[in-house]
Every structure is written in C-alpha cells, then in structure tokens.
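The values are calculated or read from the model by the stated rules, or taken from the named source; none is laboratory data. Please read all numbers here as calculations on a predicted model, not as lab measurements. Cβ coordinates were reconstructed from backbone atoms using ideal geometry, including for glycine residues, and neighbour counts include every protein chain displayed. With ligands, DNA and RNA removed, areas are computed over all heavy atoms of the protein, side chains included. Shrake-Rupley method; radii C 1.70, N 1.55, O 1.52, S 1.80 Å.
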Amino acid sequence: MSVLGELRYSIENGRIKDTDDLIRQALEEGIDPQEILEKGMIPAMRSAGNDFKNGEADIPRILSAARGMQRGLKILEPHMRDEGLPYIGTAILGTVEGDLHDVGKNMVAIMFRCAGFRVIDLGVDISEKQFQKAVRENPDASIVCISSLLTTSAPEMRSVVKALRKADKEKRLKIMVGGGCITQEFADEIGADAYTENAVDAAEAAKKFVSCGQHHE
Ligand code: B12
C-alpha cells in the first residue's frame, strides 16, 4: 500500500500514532502537503463519516478518526500555508446553544483553515448574544458558520440567523448552517446563505463566497 493509502487507513481506523508517523514519512518522501490532505486525509474523513451514517462505525471510531485528522493537520499545517500569505477571509464558527456536539464543527474549522481562512471558533453551546458579540468584535469576518446536531437546538439556529441578519445593515455576512439534523430545506426556510452536508464542501462553498465578494469590489 502507498504511504497515502496507509495514512488513509490509519485515520479511518483511529490509529493516531501511525497517522503522525505516516504524515511525517509522506513529507520526507517529498509528497506535496496539499496532496497528502486531498488524497490521504480528506477521503479518510469522508469515508469515516459515511460509515458512521450507515451504522458501520461506532462513536469511539468516529471520535478517534476526528482526533487523527486534528493531530495530523497540526503536523501538516506549517507546511501548507506560507506564514506570510494573507488569509483569504475570516469565519466565525460555533455550535448553537443547548448543543454540545463538536466533532463536525471541528472538522469544519480544520477544512476552513486549510482553505486559507482565519477561523474564530467560539466552541459549543453558543447563544445568540455570543454570536452577535463575535460578529461585532470581528468586523473583518464575512462568514458565520452555525452547527447543530439536535432537533431540539435547531430552532435556536433560526433565531441566531434572524438576529444576525437584523444587525447586518451593510449585508457583509454570509451565513452557513450544517450539522446532522439540518437539511437544505430547513436552511432555506430560515434564510441561511448556504448549507452543505460535509465539511469539505463547506470550505469549498465558503471559498466561492469570498471570491465572489472580491469580484464585486
Ligand atoms: C458523538 C455523539 C455525541 C457525543 C458528542 C461528543 C462531542 N464532543 O461532540 C455525546 C455523547 C456527548 C452526545 C450527547 C448527546 N447526544 Co449525541 N450524538 C453523537 C453522534 C453519535 C455522532 C455525532 C458526530 O460527531 N458525528 C460525526 C460528525 C463528523 O458529523 P456531523 O457532526 O454531522 O458533522 C458533519 C456535517 O454535519 C457537517 N457539519 C457539521 N457542522 C456544520 C456546520 C456548518 C456551517 C456546515 C456547513 C456543515 C457542518 O460537516 C461535518 C463533517 O463532514 C450522533 C449520531 C449521528 N448520527 O450523528 C448523536 C446524536 C447527534 N446525539 C443525539 C442525542 C439525542 C444526544 C443527547 C441528547 C443524548 C442524551 N439523551 O443525553 C446528548 C445531548 C448533549 C447536548 N446537549 O448536546 C441524537 C440527536 C437526535 C436529534 N435529531 O435531535 C443523535 C443523532 C443520535 C440519535 N440517533 O439519536 N452525543
């Protein structure tokens, strides 16, 4: 198996020590960090997510896959971004009030950082007021990402979107929503700008938002 194949296997199966070693090995072999991410790590994350959805993976496995991704990205990150490069945008991210799930949110943060965004991760159980405060305090942020895994916390998402829109007089914000219980239909209904099913697509959609913004300036 190639080093990227082994890397993929190690993340899918939560073998974190192997993940660390394999990323270092791939870098030593001169494989481009972007390729390590796109051909080794992202497919692993996708497949762990799919296995989970189909009931083929349990909670400890998805948690350790996420941990492997996070640890691996820490090793890879310094090789990926030229420190001198400007960020392509700033995104605020959080899980809504009443909801403590953060695995998916953390994956969104990782993918955004890899795409070149500065990410302000507010954490979990974030109230409408906390989202509003973060937007006020970070005038350079143009994207707000809200995560929700619980049907009971989804209504909270609706009021966060409403409050952010009301305060956003210059219409600078793009609001993205996601998480296990969110659907495109719900996202449309509450007036979000984008919904995606996974973190990889979320970062792609966000990149489109910032590049559209630049064209209009
Ligand atoms: C792990 C887990 C937990 C862990 C959380 C640990 C942690 N640190 O996150 C613990 C054990 C603490 C937990 C607790 C509870 N949980 Co729970 N939990 C799960 C479980 C098994 C996995 C969630 C997960 O991590 N998925 C993997 C990640 C990668 O997927 P994801 O979060 O969906 O994220 C992906 C996308 O959705 C997307 N995405 C995520 N966020 C965003 C944001 C944006 C902007 C975008 C664009 C995309 C995006 O990108 C991610 C990666 O591709 C799910 C089952 C399931 N099917 O999801 C139940 C589940 C979410 N939990 C559930 C419940 C009911 C609870 C509890 C109420 C249980 C209880 N009775 O105590 C508590 C609630 C605690 C609270 N207040 O939040 C239910 C929710 C049902 C519902 N629809 O309301 C589920 C669906 C289980 C079930 N089938 O019943 N849980």
Can you tell me the 0 to 90 degree angle between the C-alpha axis of helix 42-53 and the longest principal axis of the chain, rounded to 10?
70 degrees
Any idea what angle helix 199-216 forms with the longest principal axis of the chain, computed on alpha-carbon atoms, 0 to 90 degrees, nearest 10?
50 degrees
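In debye, nearest 20: dipole of the stretch 3-80 around its Cα centre with unit charges on the Cβ of K, R (+) and D, E (-)?
Working: 11 positive and 14 negative charges, 65 e Å.
My answer is approximately 320 debye.
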So for Tyr87, Tyr195, what's the accessible-area order with a 1.4 Å probe, most first?
Tyr87, Tyr195
Can you give me the accessible area per residue for the stretch 64-217, using a 1.4 Å probe, in Å²?
52 Å²
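In percent, how large is the relative contact order of the stretch 89-216, given Cα pairs closer than 8 Å and 6 or more residues apart? Before the final figure, lay out each step's value.
Numbers: 216 pairs, mean separation 35.9, N = 128.
Rounded, it is 28 percent for the stretch 89-216.
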Would you tell me the accessible area of Thr183, worked out with a 1.4 angstrom probe on the heavy atoms of the protein chains, in Å² to the nearest 10?
60 Å²
Could you pull out the pairs from Lys39/Lys174; Lys74/Lys129; Lys39/Lys74 whose alpha carbons sit more than 23 Å apart here?
Lys39/Lys174; Lys74/Lys129
Rounded to 10°, Cα long-axis angle of helix 154-167 versus longest principal axis of the chain
60 degrees
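Can you tell me what percent of all Cα-Cα pairs in the stretch 3-80 are more than 19 Å apart?
Details: 795 of 3003 pairs.
Everything past 19 Å amounts to 26 percent.
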Please identify every one of the GluC sites (Glu not before Pro) in the stretch 53-118 that sits in a loop by DSSP and has no more than 15 other beta carbons within 10 Å of its own beta carbon.
Glu56, Glu83
Based on the alpha-carbon set only, what is the convex hull volume of the stretch 89-216 divided per residue, in Å³?
89 Å³
Sorted by accessible surface (1.4 Å probe, heavy atoms of the protein chains only), largest first, Glu29, Glu128 come out as Glu29, Glu128
Within the chain, what whole-number % of the accessible surface is contributed by carbon and sulfur, with the 1.4 Å probe and all protein chains included in the calculation?
51 percent
Placed amide H near Gly123: partners under 5 Å, 5+ positions off or other chain
Thr95
How far is the Cα center of the stretch 24-50 from the Cα center of the stretch 141-217, in Å?
28 Å
May I ask you to list the aspartates and glutamates whose Cα is less than 15 Å away from that of Lys169, ignoring any residue fewer than eight positions away on the same chain?
Asp140
Using only the Cα atoms of the chain, what are the Rg and Dmax in Å?
17.6, 54
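Using the crude model of +1 on Lys and Arg Cβ and -1 on Asp and Glu Cβ, and no other charge, please compute the dipole size for the stretch 89-216 relative to its Cα centre, in debye to 20. Don't jump to the answer; show the numbers that get you there.
Numbers: 16 positive and 18 negative charges, 116 e Å.
Dipole about the Cα centre, nearest 20: 560 debye.
Please find the FRET efficiency linking Gln34 to Ser159, where r is the Cβ-Cβ separation and R0 is fixed at 30 Å, and quote it to the nearest 0.05.
Working: r = 39 Å, r/R0 = 1.29.
According to the calculation, E is roughly 0.20.
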What accessible area, in Å² to the nearest ten, does a 1.4 Å probe give for Glu137?
110 Å²
When the chain is modelled as a GNM with alpha-carbon springs shorter than 10 Å, which of Ile146, Ile88, Ile175 fluctuates the most?
Ile88
Between Asn13, Asn50, Asn198, where does the largest GNM mean-square fluctuation fall for the chain, given springs only between Cα atoms within less than 10 Å?
Asn50
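With only Lys, Arg, Asp and Glu charged, each at its Cβ (+1 for the first two, -1 for the last two), find how big the charge dipole of the chain is about the Cα centre; round to the nearest 20 debye. Please list the in-between numbers first.
Numbers: 28 positive and 35 negative charges, 124 e Å.
Magnitude of the dipole: close to 600 debye.
In the stretch 150-217, what trypsin sites (Lys or Arg not before Pro) fall in a loop by DSSP, with at most 16 other Cβ atoms inside 10 Å? Don't skip to the end; give the middle numbers.
Numbers: sites: Arg158, Lys162, Arg165, Lys166, Lys169, Lys171, Arg172, Lys174, Lys207, Lys208; in loops: Lys169, Lys171, Arg172.
Of the trypsin sites (Lys or Arg not before Pro), the ones in loops of the stretch 150-217 whose Cβ has at most 16 other Cβ atoms within 10 Å are Lys169, Lys171, Arg172.
Please compute the contact order of the chain in relative form: average sequence separation of alpha-carbon pairs under 8 Å and at least six residues apart, divided by the residue count, as a percent. Let's see the in-between values first.
Values: 315 pairs, mean separation 36.1, N = 217.
17 percent.
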